[in-house]
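Structure record follows, encoded as structure tokens.
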Amino acid sequence: MKLPLFPLHTVLFPGCTLDLQVFEPRYLDMLTRCLKAGHGFGVVHILEGHEVGMAPSAYATIGCEALIRDWQQLPNGLLGIRVEGGRRFRVESAEVQHDQLSVAQVHWLVEPAEQPLDEAHADLVVLLQALARHPMVESLGMGGSPSGQRDLAAQLAYLLPFQAEQKLELLALDAPDEQLAQIQVLLEALQGELSG
């Protein structure tokens with residue numbers, strides 16, 4: 001399937017919320033087409049280049065579909081949109097159109113079934129609930145009680161201050177229990193840095 005791409009310095013995860021301000025003609029046109037056709041676009045993390053101007057020279061080959069949930073004209077005159085992460089995908093090939101919009105041929109990744117949470121995840125659930133009290137997280141309507149391992153892993157990977165490369169590795173993992181185990185390792189490394 002062909003999917004228009006919106007390269008950002010962000011790694012979007014399934015089920016997570018992202019607010020964007022859109023002003024470039026290529027993305028305004030893309031959003032108009034997406035809204036008319038009733039489909040989303042792809043968010044990929046920029047490896048080399050910028051969000052504004054020329055298309056980035058390099059971006060991650062794994063990304064997340066962005067489903068448009070709301071939009072409004074902002075006081076600054078820009079278009080504000082709220083998207084929710086959908087399916088994960090891998091970029092098989094891509095081309096930059098004359099308007100600098102990147103369009104990719106993507107392969108959708110299989111999403112594992114949601115697995116129930118158990119006692120082993122209690123500390124991570126408490127951490128997510130603590131994050132939910134942060135004003136930014138609250139404004140996105142995230143945090144609270146996760147629906148299962150996949151939901152817990154996605155929200156923590158998205159909200160915690162991990163490096164982009166670490167977030168991309170988490171996004172590429174198919175099994176939620178592997179994601180949660182890796183998040184635990186990254187958290188311990190973060191705590192070591194803070195206490196050291």
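The values are calculated or read from the model by the stated rules, or taken from the named source; none is laboratory data. All values derive from a computational prediction rather than experimental measurement. Every residue, glycine among them, receives a Cβ derived from its backbone with ideal geometry; neighbour counts consider all protein chains shown.
May I ask you to list pairs of residues, at least six apart or on different chains, whose Cβ atoms are under 8 Å apart, with the first in the stretch 51-75 being assigned by TED's automatic domain parsing to the domain that holds LYS36 and at positive phi and the second being of a type outside the set (Asp, Glu) and modelled with pLDDT of 90 or more?
Hits for this filter: GLY53/GLN100.
Taking MET30 and the conditions (1) touching a Phe, Trp or Tyr at 6+ places or on another chain (Cβ under 8 Å); (2) without any contact (Cβ under 8 Å) to a residue 24 or more places away in the chain; (3) among the hydrophobic types (A, V, I, L, M, F, W, C), which numbered condition does it fall short on, given that it satisfies the others?
(2)
Show the residue pairs meeting these rules: Cβ distance below 6 Å; 6+ apart or different chains; first residue within the stretch 127-145 and assigned to a helix (DSSP H, G or I); second residue among the polar types (S, T, N, Q).
That search, which allows pairs on different chains as well, returns LEU128/GLN155.
For the stretch 171-186, give me each residue that is aliphatic (A, V, I, L, M) and free of Cβ contacts under 8 Å to residues at least 60 places away in the same chain.
Hits for the stretch 171-186 are LEU173, LEU180, ALA181, ILE183, VAL185, LEU186.
Can you confirm whether GLU193 is closer than 19 Å to GLU84 by Cβ and out of contact with any helix residue (DSSP H, G or I) (no Cβ under 9 Å at 6 or more places or on another chain)?
For GLU193, the condition - closer than 19 Å to GLU84 by Cβ and out of contact with any helix residue (DSSP H, G or I) (no Cβ under 9 Å at 6 or more places or on another chain) - is not met.
Give the residues of the stretch 68-79 that are surrounded by 15 or more Cβ atoms within 10 Å (Cβ to Cβ) and either modelled with pLDDT of 95 or more or among the polar types (S, T, N, Q) (or both), sorted by residue number.
Passing the criteria: only ILE68.
Output the residue which, of all residues in the stretch 109-126 that are of a type in the set (A, V, I, L, M, F, W, C) and not in a helix (DSSP H, G or I), is farthest from ARG90 (Cα to Cα).
LEU117
Looking at the stretch 1-13, which of its residues are buried (at least 21 other Cβ atoms within 10 Å of the Cβ) and not in a strand (DSSP E or B)?
Passing the criteria: VAL11, LEU12, PHE13.
Counting only residues that are exposed (fewer than 15 other Cβ atoms within 10 Å of the Cβ) and at pLDDT 95 or above, which one in the stretch 96-115 is nearest to ALA66 (Cα to Cα)?
If we take residues in the stretch 96-115 being exposed (fewer than 15 other Cβ atoms within 10 Å of the Cβ) and at pLDDT 95 or above, then TRP108 is nearest to ALA66 (Cα to Cα).
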